[in-house]
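All remarks here apply to the structure that follows.
The values are calculated or read from the model by the stated rules, or taken from the named source; none is laboratory data. Everything numeric in this text was worked out from a predicted model, so none of it was measured. Note: ideal-geometry Cβ built from the backbone for every residue, glycine included; neighbour counts use all protein chains shown. For accessibility, only protein heavy atoms count, side chains too; no ligands or nucleic acids. Shrake-Rupley method; radii C 1.70, N 1.55, O 1.52, S 1.80 Å.
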Amino acid sequence: DLGIALPPERLPLVQAAITREARAQRKPIAVATQILEFFATTGTVNRAELSDIALAVRDGVDGLVLCQETSDSRYAIEAIDLLHRVIGVESQDTAS
């Protein structure tokens with residue numbers, strides 16, 4: 001788990017570098033980073049969560065993994081819907 005292995009300020013750069021290398025080697029990459037954990041708990045999304053999703057899509061990841069957001073949340077359906085909408089907007093923007 002990179003979140004445990006690295007100082008927090010290094011995590012975004014290392015995640016982006018790993019993604020670039022995986023893309024260069026044509027390897028699939030999925031990101032599982034508690035993407036919508038605050039939303040799953042409160043039903044309210046914050047800017048950091050939206051930015052994490054958008055950056056992962058812009059970096060070209062193949063998948064985003066929801067865990068607690070869908071297994072133990074009153075807002076599981078809403079979390080999936082929100083993730084889908086953000087991916088859709090980001091995908092349209094990066095295709096332009």
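A few remarks follow.
- Test: residue in the range 69-91 that is in contact with a strand residue (DSSP E or B) (Cβ under 8 Å, 6 or more places away or on another chain) and of a type outside the set (A, V, I, L, M, F, W, C): no
- When the range 54-96 is filtered for residues that are among the basic types (K, R) and either assigned to a helix (DSSP H, G or I) or at pLDDT below 90 (or both), the ones remaining, listed by number, are R58, R85.
- Looking across the range 5-27, the residues that are outside any helix (DSSP H, G or I) and over 16 Å from D52 (Cβ atoms) come down to P7, Q25, R26, K27.
- Residue pairs whose Cβ atoms lie under 8 Å apart, separated by 6 or more positions or on different chains, with the first residue in the range 35-55 and open to solvent by 60 Å² or more (accessible area, probe 1.4 Å) and the second part of a loop (DSSP other than H, G, I, E, B), are F38/T44; F38/V45; F38/N46; T41/S73; D52/T33; D52/I35.
- Take the conditions (1) touching a Gly at 6+ places or on another chain (Cβ under 9 Å); (2) modelled with pLDDT under 95; (3) not aliphatic (A, V, I, L, M); P28 misses just one of them, which is (2).
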